[in-house]
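S.K.: Let me give you the structure first, and then I'll get to my questions.
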Amino acid sequence: MENLILSNNLSRRVFVKGLGFVSVGLILSTLGGCDQLADAIKNRPIRRRLRTGSAEVDADIATYKQAVTLMKNLPVGDPRNWNNQAGIHGTVAGGFKFCQHGTDHFFDWHRAYLFYFEKICQKLTGNNKFGLPYWNWNQNPDINPAFLDANSPLFLARNRNSMTGSSSVTTAELDPIFADTNFFTFSTQIEGTPHNTVHGYIGGTMGTGGSALDPLFWTHHCMVDYCWAKWNIDLGNNNTNDATWIQTVDSHFVDADGNVATDGAGITTLMPLLSYQYESSAIGSKPAVAAITTKSEYQKLEQRIRAGANIRFDVKQRIRIADRAAVTIARPVSRESKASAGDFASIINSDPARERVFVSIEYAQLPPASDFSIRVFINLPDANSTTSTDDPHYAGSFAFFGTVQTDAAAGNEGEHQHQPKFLVNITSTLQKLKGNQELKDGSPISVQLVAVPFAGKFEKEDTQVVLNAIDIITTPVIINAQTQ
């Protein structure tokens, strides 16, 4: 098999050039052996977009229902049991456990989590062609009806049955994120904006560390994974080839037989090419694309994905807007930097073709309640929860996922300590304000953070969160080489 070198322990590990050691089981279960490589890749399972009126999607839903039922009926001691699989991510009472949130490994850890879950579904149902369907909340904001039937194994009580009303999954909010060519800043924005907001807005168990107990979780994270795949594969953007990132081990999974499984982050970049494929669909203004049909096209794509690129999160300039402070969520936060006129001029006059400008917001910990999103405005001190997202000062939004655990006894052993960090791209907002003559060379820049409750009112209006810092940063635009 080209590019694969067997290690000394032939039964367990294999070395993939550029990606490090991965499990033989992963490669062989995906490919079926070297002589079956081309056929296995061509016919790998398809993850289809959830929708009504499709016989293929209906069949996938039926298989998923069967898998969920079978997993729930497994003995408590079986690691493939439904509750045990969900517990890898976290619990309702104890919060997050082994999942990666707020780190550079949000994408790859959850991709591996989905991969092994899908393999368990295939094994239990006897359907090796099953692919987890994904919920494209941009194109279909309503939850698929199959998840709303109270008699279905896919049902769980939720606060809402649609993402309609949330700007986080709209084309206007997603397009600037998908225009970002930096792997690290793209990942941070996908996590903080659509990912987190869907969890909190749908609510119920989905808004907790135990969210994987809801069958909807897996279709939501399939969509998050599709966002990464579309950005990387369809749009020609590159993942990082940083050795530390590639060699980081994603762990705490079990395979289809219940055996402990781990993988390096690097191999997850190839999973959509080896183990499954997505039925293409539009996200924002990025249309569906035709599938690759020739061997030469596939080889060229595989080489690019495997190689990655020298992608880093480099900050060229940083202007502090606010230092550590406790704030009450019901009151909008407005902060203006005391930086020099020259610093402001360099931000305002930055070339959008060469630099991206972000607001970076960092909190000390999760809030005790996360029933709200936060909208970010630029130079609008009077912004409040009724200010329209169509206002030219509006830059974007983010949301918390999960809540801080105040009861130490409820915590999980090995719990992932999540420090919320968010990025909102303000490049186009600055350009609009400059074009409207509202920003001129040397003009001060202020940032407003406005919490907007999902239900129209806060669960606890006096909830306080601790801001660690608000910064305005500039990062270089990554120019991808032409792949044609």
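The values are calculated or read from the model by the stated rules, or taken from the named source; none is laboratory data. Just so we're clear, the structure is a prediction, and the values are computed from it rather than from any experiment. A quick note on method: Cβ atoms are made from the backbone with ideal geometry, for glycine too, and the neighbour counts reach across all protein chains shown. These area figures cover heavy atoms from the full protein model, side chains too; ligands, DNA and RNA do not enter into them. Shrake-Rupley method; radii C 1.70, N 1.55, O 1.52, S 1.80 Å.
S.K.: For the structure I just gave you, tell me whether Ser337 is closer than 27 Å to Asn182 by Cα, open to solvent by less than 60 Å² (accessible area, probe 1.4 Å) and touching a residue at least 24 places away in the same chain (Cβ under 8 Å).
M.R.: Taking the combined requirement at face value, the residue satisfies it.
S.K.: Hey, does segment 123-131 have a residue that's open to solvent by less than 30 Å² (accessible area, probe 1.4 Å) and among the small types (Gly, Ala, Ser)?
M.R.: yes
S.K.: Taking into account only those residues within segment 93-128 that are in contact with a Ser or Thr (Cβ under 8 Å, 6 or more places away or on another chain) and in a loop (DSSP other than H, G, I, E, B), which is farthest from Pro45 (Cα to Cα)?
M.R.: Across segment 93-128, the extreme among qualifying residues is Lys97.
S.K.: Within segment 53-70, track down each residue that is open to solvent by less than 10 Å² (accessible area, probe 1.4 Å) and touching a helix residue (DSSP H, G or I) at 6+ places or on another chain (Cβ under 6 Å).
M.R.: If the condition is that a residue be open to solvent by less than 10 Å² (accessible area, probe 1.4 Å) and touching a helix residue (DSSP H, G or I) at 6+ places or on another chain (Cβ under 6 Å), then Ala67, Val68 are the ones that fit.
S.K.: Can you find a residue in segment 263-272 that is open to solvent by 30 Å² or more (accessible area, probe 1.4 Å), among the aliphatic types (A, V, I, L, M) and either free of Cβ contacts under 8 Å to residues at least 60 places away in the same chain or in a helix (DSSP H, G or I) (or both)?
M.R.: no
S.K.: Moving on. Looking only at segment 77-92, filter to residues that are in contact (Cβ under 8 Å) with a residue 60 or more places away in the chain and in a loop (DSSP other than H, G, I, E, B); which one of those is nearest to Pro153 (Cα to Cα)?
M.R.: Taking the candidates together, the pick is Arg80.
S.K.: Now a separate question. Residues to consider are Phe358, Phe344; find the one that is surrounded by 18 or more Cβ atoms within 10 Å (Cβ to Cβ) and over 30 Å from Gly209 (Cβ atoms).
M.R.: Answer to the check: Phe344.
S.K.: On to the next question. All but one of (1) at pLDDT 75 or above; (2) of a type in the set (Ser, Thr, Tyr); (3) open to solvent by 90 Å² or more (accessible area, probe 1.4 Å) hold for Thr429; state the number of the condition that does not hold.
M.R.: (3)
S.K.: Do you know which of the residues in segment 456-480 that are assigned to a strand (DSSP E or B) and of a type outside the set (A, V, I, L, M) is farthest from Phe184 (Cα to Cα)?
M.R.: Filtering first and then ranking leaves Gln464.
S.K.: Please go through segment 151-160 and pick out each residue that is exposed (fewer than 14 other Cβ atoms within 10 Å of the Cβ) and either of a type in the set (Asp, Glu) or within 14 Å of Phe217 (Cα to Cα) (or both).
M.R.: Ala157
S.K.: Another question, if that's okay. Suppose we keep only residues that are more than 11 Å from Val450 (Cβ to Cβ) and over 23 Å from the mean Cα position of the chain (by Cα) within segment 361-380. Which one would you say is surrounded by the fewest Cβ atoms within 10 Å (Cβ to Cβ)?
M.R.: Taking the candidates together, the pick is Asn379.
S.K.: A further question follows. Picking from Ile283, Ile292, Ile311, which residue would you name as being open to solvent by 20 Å² or more (accessible area, probe 1.4 Å), touching a Phe, Trp or Tyr at 6+ places or on another chain (Cβ under 7 Å) and of a type in the set (A, V, I, L, M)?
M.R.: Ile292
S.K.: Hey, among Gly95, Gly131, Gly126, which residue is without any contact (Cβ under 8 Å) to a residue 60 or more places away in the chain and not aliphatic (A, V, I, L, M)?
M.R.: Going through Gly95, Gly131, Gly126 in turn, the sole match is Gly126.
S.K.: Considering Ile202, Ile143, Ile120, Ile177, which residue is in contact with a His (Cβ under 9 Å, 6 or more places away or on another chain) and crowded, with 18+ Cβ neighbours inside 10 Å?
M.R.: Ile202
S.K.: Continuing with the same structure: Just need a number here: residues in segment 439-455 that are part of a loop (DSSP other than H, G, I, E, B), under 26 Å from the mean Cα position of the chain (by Cα) and under 20 Å from Phe377 (Cα atoms).
M.R.: Selection size over segment 439-455: 1.
Every residue, every condition in (1) modelled with pLDDT under 95; (2) within 19 Å of Gln100 (Cβ to Cβ), yes or no:
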{"residue": "Asp234", "(1), (2)": "no, no"}
{"residue": "Asn239", "(1), (2)": "no, yes"}
{"residue": "Ser251", "(1), (2)": "yes, yes"}
{"residue": "Ile267", "(1), (2)": "yes, yes"}
{"residue": "Ser275", "(1), (2)": "yes, no"}
{"residue": "Glu279", "(1), (2)": "no, no"}
{"residue": "Ile283", "(1), (2)": "no, no"}
{"residue": "Ile292", "(1), (2)": "yes, no"}
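S.K.: Applying the selection to segment 456-480, what residues are at pLDDT below 90 and within 22 Å of Val315 (Cα to Cα)?
M.R.: Matches in segment 456-480: Ile478, Ile479, Asn480.
S.K.: Quick one: in segment 403-423, of everything that is at pLDDT 65 or above and touching a Pro at 6+ places or on another chain (Cβ under 9 Å), which residue is nearest to Gly200 (Cα to Cα)?
M.R.: The selected residue is Thr403.
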